[in-house]
Structure formats: C-alpha cells, structure tokens
Amino acid sequence: MNKITILWVDDEIDLLKPHIIFLQSKNYEVITCLSGQEALEELTKSKVDIVFLDENMPGISGLETLNEIKIINSSLPVVMITKSEEELIMEEAIGSKIADYLIKPVNPNQILLSLKKNLDHSRLVSEKTTANYQQEFRKISMDLSMVNSYEEWAELYKKLIYWELRLEEIEDSGMFEILESQKTEANAQFCKFMEKNYEDWYQGGDAPVMSHTLFKELVKPELKDNKTLLVVIDNLRYDQWLAFEDTLNTFYKKKKETPYYSILPTATQYARNAIFSGLTPLDMEKKYPDWWKNDTDEGGKNLFEAEFLGTQLKRLGLDLKWDYHKISSLKQGKHLSQNFKSHKENDLTVIVYNFVDMLSHSRTEMEVIKELASNDKAYRSLTLSWFKNSPLLEIIQQAQNMGLKLIITTDHGTINVKQPSKVIGDKETSLNLRYKTGRSLTYEEKDVLEIRNPKDVNLPTINVSSSFIFAKNDLFFAYPNNYNHYVSYYRNTYQHGGVSLEEVIIPFIVLEPR
C-alpha cells in the first residue's frame, strides 16, 4: 500500500522534528517547507495527500497560501495550524474550505486524529456502515417474516430506504446487491400483504390513511392554526423526498412525517383525483360523471382537480379563502413564483407540481434522460438537481418569508421496471404498463394482484365484465405481438400504476418556517 504523503509548511519547522519523527514511525511520509512560496513550488512537482499549514508565516501568509493551494488543487485537504484563536481568522480559513483547524501547541495525537478524520474517514465510515447493515440485515430478514400491518410495512420500507441511502454513500457494490435482493423479497411479501388486506380496507376493516381520506385525516387538522401552502409533487417517491429534504431544511423545519398509502391503481387519474375530491373513483364517477373519465374515455383525466377540491372543502365545512395552481412547465413555475406574494391572504394555496412525473415519462422516451437517470441513485440525484434550481424552491422561500405552514406530499410513487409479463386483452383494454382494466384479460396469475369485481375496492368498471389487474414487484405488462421491441423499449424505465412499496407507500410531510 502506498504511503500517505503529508506536506508540512511552517517557518519554524525544526521545532516540529519530534512530530515529524512520530508521523514517520506511523508510516507516513512527511515533506517539509519553510514558506508558502516553497510549498506552492513543491505542490507542482510532488503528489501530496494532505497539507499542514501554519497560519502565521513571513512572506506569503497562511491564508494567502491556502487560497493558492485551492487554485492548484481544490480537493486537496488543508489543515490550518495557528497560535491565534481570533474568530475572524477562523472564519476566513473555514470560508476557504479548510479540512481542519488546530491551535498551537499541537500534540501528536491531535495530528493523528486529524489525519484519520480527513484521510481514513471514508474507509472508517464504510467499514462501520457495512458492519451495521450486516447486523440490521438479519433483523430486517426476521421482520419480513413477521410484519403484518400497514404501519409495520411503512416502517420497514423507510428502514430499507435508509440503508439504501447509507450504502449508496460508501459505494460497496457487494452490500448494495444484498440490499437490492432484500428489497425484492420485501416487495414480494408486500404484494402478498396487499392481496390479503386491500379489499378489507374498503369493507370497514382497519385501514391506513389513503388517497381519498388524506385531506380529511391529515390535511384538514393542519388548516386550523395557520395559512398553509400545500404542494403535491406528482410521482414523488419516499427516497426522492429524502434526497431534497436537507435543501428544504434551510427554510423549514419538519413538524410531522406520516407515510400514507396510495389507492390502486397508483396512477394520477385515480390517486390524485381521489386526494382532491376526498372520494373513491367509483364515488367520483357516480357523483360527478361530467368530471370523471375512465381509462378508455377521450380527453384529459385530471382536468377538474380544482372543482373536486372546492366540493370537498364545502363537504368538510371548511370556509377558506383558497386557490389552486397546476405547474407543468418552467414558464408556469416562474410565473407563479413572480406573483406568489399576491396569494398571501389565502388560507390555503394548493400547488400541483408535475416535474417528477414528466421526468419519469421523459426517461422512457428520451435517451439522454435514460443516461442521466440510469438507476435509482441517479434518479434521486436528478430530482435533487431539479429541486435546487426550480421555481418551486423559490416559491417555498417566499412562503417561509410570509410565515406559511408548508405541506409536501404526492399522489403515488414509481418503480424501475425490469421484467416483462405477457398479457392479452381486447382493443378496449387500458394502456398502462403497470395495470390493466378490461374484459377477457389473459395473464400470468402469479405476476398480478387481480380484482375480479372492481366495486369491491370502489373502482368503476368500463364494461359489466371488466376486471383490474395490477403488476407486482418490478414487472411490466407486454403484449405478445411485437413483444421483443416492446420489452426492449420499456425495460429499465420508471412506471407506476401497480403494487410495490415504491408506488404505494408515500410521504406526507408538515413543515413550519424557520
């Protein structure tokens, strides 16, 4: 293994001889320089892993040397060593992105600790994370055989996401593969749980908060004490929420986090209409036939969300000043951001933001997006990049300044589909890749959750004999004709509508302004 090389810059380097001998005894190589200028020249010819830099030197000062080092190699860790405890000097050094800050006189163990922290940090974190997950793996495996309630499934899913994000940081491919297999097993067990319990939730059994009860159960209680901004980000998975939570923390602090369950199909026309109407799809079709459209009907399926919301607010006895905005383009987002202050008198402002859904569909259709979001890690990264640079973040900053409570939620999640499952239907069969509704459907029974009588789960029927099937795990439906082309086109794309942890268990977050 190559020795770690330290460049130590101090005009009194001879006084540091005991420290240098100590480091050499620990198998470190130490190059010494007496001035900032000498150090900069050394950096052009030697490969150095870390710099110890005296702050107070004649000629080029430590801070000036630090700035020059960062120009030469911005990622090289620099530890500033100084006699001074002046706050201004500390702030200047920290602002220049030093790796550590030591006050003279330093002792050998301080130096060793700083080296471990800056050079061995990733290895130590990796080893600790791997060991912790190996221990947790056994516990999750036991939980998988015992988990039997919607609350326990939500907690288990959040635990799997937590470890996915931790293992992603250390890039241990072996551990990551183990986690992926555990997620696959969890999804298989979750599908069995949904098969066993989903109909009962509509027949008076103990049910989680779902799309059609979300507003009544979780949103309404939050509207009593403060003006509120409700943001529904279409197609937002739990892991994507966690990807940009830290960015939001600058402006808002989390008050409550409640996972809830999307209804089936986990598709926008069903789940989001259910959120705003407070009704199941079957009840929407009965009560508002002019606003509800089935899969095979022509025209947009989510054109009456504001009208649905208005009727629900009246039904819940909420006499509020409110408005609703749907954002489907950068131009619309910027326009709302520029005019957001005009909504400050509203009790409730609702924004539906469609970016994540557009990203999901673009990934299917555009090769460049496929490259940028080739897996879940990249998909999260792209979501974070969008959020940091979006008009939505600008709107949220304004909401904080206006003292608004913030609620962030979604209508359903999405899953990266890997394996095809053959299905045959007539020309009136719906087109979605993760669910089908129609009559005379032929399919692999092991691959689907089947609802023979849609009214049992409050879904409308296109025909008297129509049924619903929902793809399990990471499957997607493919027709036999032109099968290979179809499978090649849709494999490894993000889809929704079926049954998986990623699609069904989704976040509801309440935040207060900082």
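For the chain, complete DSSP H runs whose alpha carbons reach 27 Å or more along their own long axis and whose mean Kyte-Doolittle score is -1.0 or higher are 121-146, 150-170, 173-202. A Cβ-based charge dipole, computed about the Cα centre of the chain with Lys and Arg at +1 and Asp and Glu at -1, lands at about 1360 debye. Counting only Cβ charges, +1 for Lys and Arg and -1 for Asp and Glu, the dipole size of segment 119-267 around its Cα centre is about 600 debye. Straight-distance candidates among the aspartates and glutamates for linking to K446, with alpha-carbon spacing under 16 Å and chain neighbours fewer than 8 residues away dropped: E185, E195, D474.
Mean sequence separation of contacting Cα pairs (under 8 Å, at least six apart), scaled by the length of the chain, corresponds to a relative contact order of 16 percent.
Extension gain for E512 to K301 (0.36 nm times residue separation, less C-alpha to C-alpha distance): 72.6 nm. Sorting K17, K427 from the fewest to the most surrounding beta carbons within 10 angstrom yields K427, K17. In order along segment 414-427, the phi-based Karplus estimate (6.51 cos²θ - 1.76 cosθ + 1.60, θ = phi - 60°) of 3J(HN,Hα) comes to 8, 9, 6, 8, 10, 10, x, 9, 6, 9, 10, x, 7, 5 Hz; Gly and Pro are listed as x.
Counting Lys and Arg as +1 and Asp and Glu as -1, each charge on the Cβ, what is the dipole of segment 4-119 about the Cα centre in debye, to the nearest 20?
For segment 4-119, the charge dipole is close to 620 debye.
Couplings 3J(HN,Hα) for segment 219-228, derived from phi with the Karplus relation 6.51 cos²θ - 1.76 cosθ + 1.60 (θ = phi - 60°), are 7, 3, x, 7, 8, 6, 10, 6, 5, 9 Hz, where x marks Gly and Pro. For segment 4-119, what class follows from the C-alpha gyration tensor (a ≥ b ≥ c being the square roots of its eigenvalues): rounded when a/c is under 1.5, otherwise prolate if a/b is larger than b/c, else oblate? Rounded shape, in that the Cα axes give a/c under 1.5.
Under a 5 Å amide H cut-off, with hydrogens placed 1.01 Å from N, F52 pairs with L7, W8, V9, V79 among residues at least 5 apart or on other chains. As a proxy for reagent exposure, ranking S500, S25, S440, S262 by other Cβ atoms within 10 Å from fewest up yields S25, S440, S262, S500. Straight-line cross-link partners of K227 among the lysines, defined as a Cα under 24 Å from its Cα and at least 8 positions apart when in the same chain: K216, K253, K254, K255, K256, K314, K321, K326, K334, K341, K344, K405. Taking amide hydrogens as placed 1.01 Å from N in the peptide plane, the amide H of F304 sits under 5 Å from that of no residue at least 5 positions away in sequence or on another chain. When only alpha carbons are used to place a centre, segment 212-281 and segment 470-509 end up 23 Å from one another. Taking other Cβ atoms within 10 Å as a rough exposure proxy, T82, T228, T44, T296 sort from fewest to most as T44, T296, T82, T228. The lysines within cross-link reach of K104, meaning a Cα-to-Cα straight distance under 18 Å and a gap of 8 or more places when in the same chain, are K17, K83. Helical runs assigned H by DSSP (4 residues or longer) give the chain a calculated mean residue ellipticity at 222 nm of -14000 deg cm²/dmol, each run adding -39500 (n - 2.57) before division by the residue total.
Quick note: the coordinates plus some simple rules give every number you see, no bench work behind them. Source: prediction; values computed, not measured. Backbone-built Cβ (ideal geometry, glycine too); neighbour counts: all protein chains shown.
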